[in-house]
Each structure stands twice: as structure tokens, then as C-alpha cells.
Amino acid sequence: MYYTGTKLKCENYNKKVTLSEGYSGSTTRWSDVVTHKDGNRFAIIKHENYSDEMDLIELTDDWFETI
Amino acid sequence: MINIIQNTIGALARRGSAAPSFTGLLDTYSGASVGYSLRRLRTAYSGNCVKVRRASDSTELDIGFVNNVLDTASLATFCSGTDGFVSIWYDQSGNAKPMFNTSASRQPKIVTSGLILLENGKPILTSDGSTSGMTSDYIADSGVSAKGLFIVTKRNSSANQCILGSYSDGNNMNYLLNSSSTSTTVNLNVAVTAQKLNGSAWVYTNRIDVYTDLASQSIISANAVYSFGADPTDALSLGYRYTSPVNFEMTNMQELVIFENQTDQAAKETAINSFYNAY
């Protein structure tokens, strides 16, 4: 499942998980923000231990460009 | 006299208990530009196999080899009761081009709830349901252009996967598979010939065929000429694209070796299969 919200909210979610998990060594972050192909929607994968006020969605193929 | 006999007996005993000699794939066949595996590929390689992050506390640990295969005892102890993810898959070729992923959510899994993930009895890096992938500093489109490609892999249940792609260039793809796409663009910016799947000629028409053909543990071999480009953006990756993966994640992987030559394809396949018993 993914949280969807503004790019800033998604980045803040990544920061929250990254700081809380205390990644070290070769792992530096929880995840990257996924941008919808239209460029106006953003999502970040949910960490099972961290909830947020953003909406939860499944990322469907229409989020991604056709390859 | 007694000392001589004792020394002789001691020498014989030591000889009898010695570990069997080891000859790795890359000892027999030279010219590898990269070599990733969950077994030792080269006698002189003294580094680790993988770096693993455990989910319980995000600690990382290098895991090496015991008896020339992944040290599963150390891995199981480190990941007791939790999941383990591979952050670095070390390059055994001697060229120091490891595969890595710095984002926790996209690292392939090797342990689930304390159990090492296996395929046909041997450990495997798995990816399923997310945009798992790894990248490297290896530019396939440099040096000798004619490569010999050897992959031990198995697709997962995700609809979209890609075995090899690049760091950020979206036009580079080597074996794209999809559960429902009839697109015939399986490879782009790489010319593959003499393709074999489990020792037999591999013929496919579209991405569905590739998806179907890789349902079980498979050994792919091919001659490959990459024209991915020579920029850092073109660095070889597992999965479609490292920086923005676009839903085509890496396949499950046990071994990837790329040679800077196209010699001995059948013999190399046989040697790889003698370890994995995929066919």
C-alpha cells in the first residue's frame, strides 16, 4: 500500500521513517517518492510500523508511463 | 623413528581431513567484468557475498561464505525472527562493481521471519509486489562490447518485471517480462543472440512469453552487445530503472555473470547448472 499526498508530505513521511528506523551503513533512506505520470500526484510506500494522515491507495498501472 | 612415524601419521591425517579443493566458475573461465552470486565464484575472491539489513533494528552485517557458499548460519543468526534485505550484492569479478540499493523499501529480501528464502534448495534474492531493484557503477557499454551473459533467475508474481536495466535511462532494457503485454519489445539498446534457456535455444515472441518461460528457476545465457550508453545514467541495474523504476521491478536472482567474451557458452552453462540443477 502507498500513501498519496503532496510531494512535501510524501518526503516528510520518508524523513519520519528514516529517522525513526535509524538506518545506517549502506541504507540511507526509507523510500523514494513515486510521481504519477501526469506529474501532479505523488505517493510513497507505507512502512508497516508507521501510519500517517495521508490517504492509502494501491498503485495501479495508470500511474506509470507505458514502456 | 617414533617421531618420524608420528609425523607421517600426522601428515596423513591432515591430508585426509583437508577440505576438498575448490575451483570456481571464474577460476575456470576468465574475463568476467562483473560476477554476482550467492556462492563463491573465484578462489582468490576474499570479500563478502552480501550486506544484509535486518528489519528488527535496521542493523547491517556483511555475510561471507562457508564452504564456498553463502554463510547461511551467520545469516540465520543475524536475522533470527525477522526479515533480512540485501543492501549490497558484492562483485566477485575483481572489478569492484557491486550492486546496491540505498532505499530500504526497495531492497530485495533474502530472509523472511527468520527463514532464509530458497529456490531449489539454494538461497535467492527475492522481489515481489514492490519496485525492488539494485544498481551498480558498471557501464556495460564500455570496454569489450561483445559480452557473454549468464543469469540464474526466476520471475516473481508481479505483473511487470525487468531483469536488467539502467540507472536512470528509460530506453535501456534487457529482458522485460509482463503477464499480459503482447509487446514484442523485450530488449532495447541491447542486441541479444544465441539465447538459451536451461540449455536449449530460447525463442520468444513477446513479454508474455518471457513471463511464462521464467516461471521456475531458469538459467539464461546469451551473447549480448550493449548500446545502453556510457554515461553514469546508463549503469547496469537489476530492474528496469533504478532512480524511477516505473513498476518494472527486478526478478528473483541467484547469479549474474557477465563476461567480456562470448566463448564457451555451452560449457559455462553446464558448469553453472552443475551447481544449481535447474534442468
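Screening the stretch B:133-149 for residues that are open to solvent by 10 Å² or more (accessible area, probe 1.4 Å) and not β-branched (Val, Ile, Thr) and picking the one that is nearest to residue B:101 (Cα to Cα) gives B:137.
Tell me whether the stretch B:156-171 contains one or more residues that are open to solvent by 50 Å² or more (accessible area, probe 1.4 Å), out of contact with any Pro (no Cβ under 6 Å at 6 or more places or on another chain), closer than 13 Å to residue B:249 by Cβ and part of a loop (DSSP other than H, G, I, E, B). Yes, some residue in the stretch B:156-171 is open to solvent by 50 Å² or more (accessible area, probe 1.4 Å), out of contact with any Pro (no Cβ under 6 Å at 6 or more places or on another chain), closer than 13 Å to residue B:249 by Cβ and part of a loop (DSSP other than H, G, I, E, B). For the stretch A:36-46, the set of residues classified as farther than 19 Å from residue B:102 by Cα, out of contact with any helix residue (DSSP H, G or I) (no Cβ under 6 Å at 6 or more places or on another chain) and surrounded by 15 or more Cβ atoms within 10 Å (Cβ to Cβ) consists of A:41 only. Among strands (runs of 3 or more DSSP E) entirely within the stretch B:178-279, having at least 2 residues that are within 14 Å of chain A (Cβ to nearest Cβ), among the polar types (S, T, N, Q) and within 27 Å of residue A:33 (Cα to Cα) singles out no element at all. Filtered by the rule that a residue be out of contact with any helix residue (DSSP H, G or I) (no Cβ under 9 Å at 6 or more places or on another chain) and either part of a loop (DSSP other than H, G, I, E, B) or among the charged types (D, E, K, R) (or both), the stretch A:47-61 gives A:48, A:51, A:55, A:58, A:59, A:60, A:61.
Quick check, is residue B:94 more than 10 Å from every other protein chain (Cβ to nearest Cβ) and either farther than 18 Å from residue B:134 by Cβ or at pLDDT below 95 (or both)? Against the criterion (more than 10 Å from every other protein chain (Cβ to nearest Cβ) and either farther than 18 Å from residue B:134 by Cβ or at pLDDT below 95 (or both)), residue B:94 qualifies. Among the residues making up the stretch A:22-48, those that are without any contact (Cβ under 8 Å) to a residue 24 or more places away in the chain and either in contact with a Phe, Trp or Tyr (Cβ under 6 Å, 6 or more places away or on another chain) or within 11 Å of another protein chain (Cβ to nearest Cβ) (or both) are A:22, A:23, A:24, A:25, A:26, A:27, A:28, A:29, A:30, A:31, A:32, A:48.
Once the stretch B:23-80 is narrowed to residues that are of a type in the set (A, V, I, L, M) and surrounded by fewer than 17 Cβ atoms within 10 Å (Cβ to Cβ), the residue that is nearest to the other protein chains (Cβ to nearest Cβ) is B:76. The requirement of being in contact with a strand residue (DSSP E or B) (Cβ under 6 Å, 6 or more places away or on another chain), open to solvent by less than 30 Å² (accessible area, probe 1.4 Å) and of a type in the set (Lys, Arg) is fulfilled nowhere in the stretch B:189-197; no residue meets it. Per the listing A:52, A:62, the residue uniquely surrounded by fewer than 18 Cβ atoms within 10 Å (Cβ to Cβ), more than 10 Å from chain B (Cβ to nearest Cβ) and closer than 18 Å to residue B:246 by Cα is A:62.
Condition check for residue B:69 on (1) within 29 Å of residue B:228 (Cα to Cα); (2) touching a Leu at 6+ places or on another chain (Cβ under 8 Å): one failure, at (1).
Residues in the stretch A:13-35 that are surrounded by 15 or more Cβ atoms within 10 Å (Cβ to Cβ) and not hydroxyl-bearing (Ser, Thr, Tyr): A:14, A:17, A:21, A:25, A:29, A:30, A:32, A:33, A:34.
With respect to residue B:103, determine if the residue is over 18 Å from the mean Cα position of the chain (by Cα), open to solvent by less than 10 Å² (accessible area, probe 1.4 Å) and either polar (S, T, N, Q) or closer than 17 Å to residue B:50 by Cα (or both). The answer is yes for residue B:103. For the stretch B:106-118, a tally of residues being closer than 24 Å to residue B:174 by Cα and over 13 Å from the mean Cα position of the chain (by Cα) returns 3.
Quick one: is residue A:6 of a type in the set (Val, Ile, Thr), under 22 Å from residue B:56 (Cβ atoms), open to solvent by 70 Å² or more (accessible area, probe 1.4 Å) and at pLDDT 95 or above? In short, no.
The values are calculated or read from the model by the stated rules, or taken from the named source; none is laboratory data. Source: prediction; values computed, not measured. Note that each Cβ is placed from the backbone with ideal geometry, even for glycine, and that neighbours are counted across all protein chains shown. Side chains included, ligands, DNA and RNA excluded: accessible areas come from the protein's heavy atoms. Shrake-Rupley method; radii C 1.70, N 1.55, O 1.52, S 1.80 Å.
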